[in-house]
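The block underneath contains the structure these notes are about, expressed in structure tokens.
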Amino acid sequence: MENMIEVKDLRKEFKSHSSRSGLMGAFRDLLTRNYQIIPAVNDISFNVKKGEMVGYIGENGAGKSTSIKMLTGILTPTSGIVRVNGMNPHKEREAFVRSIGVVFGQRSQLWWDIAVQESFRLLKKVYNVPDHVYNEHMNHVIESLDIGPLLDKPVRKLSLGQRMRCELAAALLHNPSMLFLDEPTIGLDVLVKLKIRNFLKEMNEKYQTTVLLTTHDLSDIEALCERVVMLDEGKIIYDGKLSKLRSNWGEGKQIEFQFAEMDVTKDKLNSLVQGVEAVWSPGDRKNVWVANVLNSEEVISEVIGRVVASYKITDLKVHEISIEDIIRNIYEEGVIHG
């Protein structure tokens, strides 16, 4: 299967001005400036096949948005090779822009003061989409995203969830083969998220649309992507199946105890489960403690048995370890091998 994205040894450096201290330093800075070269993206390489949906993740400052800007032609690389849909995003700008769709959660491609459908008509002209193609494709998009009632409203009158659904429709108006999504569900409620996810799955199945999704909402990635590329400090630290992440780092379970008493401490809980592999952490609510344990019936039963015998419990839940926890563990451990 052909590659939709090819990235080889991609690098982006920024110059950062470093100030000298004191009054004399300030005078010196007026005459000559000290610069530091900082690599935001540090020689990364990866490919994405046509029709793949890939989660592109990393903490703030990991190099995600810098690399996305190079992939979409907004920034020029310092060095390395980028090809998307067989084109150089920066050099073949006009043809390239016609072949991709982009949704940046923080930036709009719709005109603020005119009705949504007027924006769609303008974009139809920009992308030179024939009437019959536009009507058939957009009727389906409008229906799937449930934006029919919004078409006559100006964008400034829309809620965030309504605007993001219209942004997605606008990005897919010319039925691009490659879709870049940067935080497409940020700040949206659960029902809108589900609608957007279902729609993206449907577009991927129907048209083999390739999707690169950056998000802090890992449930988006679990719902849509089989593969994740993870960045940290400008380097790729994991590129592989989401399921492998889970099996390598997420084999444990979490037992969440809600205690009736106030005086439960980590030390008391540790001495209670001595000899059993369990790591305690405070829960997200008052009087809640979580035991992180191996996924073994004996260990789970033993921990629950000992805790229940010693304390009054008002609630108890057993969870799979979440993708968020797995990724947090990976970042704490550093670079992944294998």
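The values are calculated or read from the model by the stated rules, or taken from the named source; none is laboratory data. These figures come from a predicted structure and were not determined experimentally. Using ideal geometry, Cβ is built from the backbone for each residue, glycine included, and neighbour counts are taken over all protein chains shown. These area figures cover heavy atoms from the full protein model, side chains too; ligands, DNA and RNA do not enter into them. Shrake-Rupley method; radii C 1.70, N 1.55, O 1.52, S 1.80 Å.
This table checks each residue for (1) aliphatic (A, V, I, L, M); (2) farther than 24 Å from Phe46 by Cα; (3) free of Cβ contacts under 8 Å to residues at least 12 places away in the same chain; (4) in contact with a Leu (Cβ under 7 Å, 6 or more places away or on another chain).
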{"residue": "Asp217", "(1), (2), (3), (4)": "no, no, no, no"}
{"residue": "Ala223", "(1), (2), (3), (4)": "yes, no, no, no"}
{"residue": "Val228", "(1), (2), (3), (4)": "yes, no, no, yes"}
{"residue": "Lys235", "(1), (2), (3), (4)": "no, no, no, no"}
{"residue": "Gly240", "(1), (2), (3), (4)": "no, no, no, no"}
{"residue": "Lys244", "(1), (2), (3), (4)": "no, no, yes, no"}
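Being surrounded by 12 or more Cβ atoms within 10 Å (Cβ to Cβ) and out of contact with any Cys (no Cβ under 7 Å at 6 or more places or on another chain) narrows it down to one residue among Gln274, Gln254; which is it? So that I can check it myself, show each step before the final result.
On the way: Gln274 fails: surrounded by 12 or more Cβ atoms within 10 Å (Cβ to Cβ).
None of the others qualify; the one that does is Gln254.
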Kindly check whether there is at least one residue in region 142-160 that is assigned to a helix (DSSP H, G or I), in contact with a strand residue (DSSP E or B) (Cβ under 6 Å, 6 or more places away or on another chain) and buried (at least 18 other Cβ atoms within 10 Å of the Cβ). no
State whether one or more residues within region 166-186 are of a type in the set (Gly, Ala, Ser), open to solvent by 30 Å² or more (accessible area, probe 1.4 Å) and farther than 21 Å from Ser67 by Cβ. no
When you check Leu110 against the structure, is it in contact with a Leu (Cβ under 7 Å, 6 or more places away or on another chain), touching a residue at least 40 places away in the same chain (Cβ under 8 Å), crowded, with 18+ Cβ neighbours inside 10 Å and of a type outside the set (Asp, Glu), yes or no? no
Of everything in region 194-237, what is out of contact with any helix residue (DSSP H, G or I) (no Cβ under 7 Å at 6 or more places or on another chain) and aromatic (Phe, Trp, Tyr)? Give them in sequence order. Tyr207
Six or more apart or on different chains, Cβ under 9 Å: which pairs go from a residue in region 22-43 that's touching a residue at least 60 places away in the same chain (Cβ under 8 Å) to one that's of a type in the set (Phe, Trp, Tyr)? Could you list them? Pro39/Phe14; Ala40/Phe14
Within region 33-63, track down each residue that is at pLDDT 90 or above and basic (Lys, Arg). Lys49, Lys50
Restricting to region 232-245, name every residue that is within 25 Å of Ile37 (Cβ to Cβ) and either modelled with pLDDT of 90 or more or open to solvent by 20 Å² or more (accessible area, probe 1.4 Å) (or both). Asp232, Glu233, Gly234, Lys235, Ile236
Could you look through region 84-107, keep only residues that are in contact (Cβ under 8 Å) with a residue 60 or more places away in the chain and among the polar types (S, T, N, Q), and pick out the one that is surrounded by the most Cβ atoms within 10 Å (Cβ to Cβ)? Asn85
Report the residue count in region 19-35 for those that are open to solvent by 70 Å² or more (accessible area, probe 1.4 Å) and under 30 Å from Gly234 (Cβ atoms). 5
Residue satisfying condition, being hydrophobic (A, V, I, L, M, F, W, C) and buried (at least 16 other Cβ atoms within 10 Å of the Cβ), within set Ile44, Ile74, Ile81, Ile38: Ile44
Exception for Val307 within (1) open to solvent by 80 Å² or more (accessible area, probe 1.4 Å); (2) at pLDDT 75 or above falls at (1)
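Would it be correct to say that Leu151 is in contact with a helix residue (DSSP H, G or I) (Cβ under 6 Å, 6 or more places away or on another chain), at pLDDT 95 or above and hydrophobic (A, V, I, L, M, F, W, C)?
For Leu151, the condition - in contact with a helix residue (DSSP H, G or I) (Cβ under 6 Å, 6 or more places away or on another chain), at pLDDT 95 or above and hydrophobic (A, V, I, L, M, F, W, C) - is met.
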Please work out if Gly101 is part of a strand (DSSP E or B) and farther than 12 Å from Phe180 by Cβ. no
Just to be sure I understand, how many residues within region 113-131 are assigned to a helix (DSSP H, G or I) and open to solvent by 70 Å² or more (accessible area, probe 1.4 Å)? 6
In region 277-294, which residues are open to solvent by less than 90 Å² (accessible area, probe 1.4 Å) and either part of a helix (DSSP H, G or I) or more than 18 Å from Tyr311 (Cα to Cα) (or both)? Asn292, Val293
Residues within region 253-276 that are in a strand (DSSP E or B) and modelled with pLDDT under 90, tallied: 2
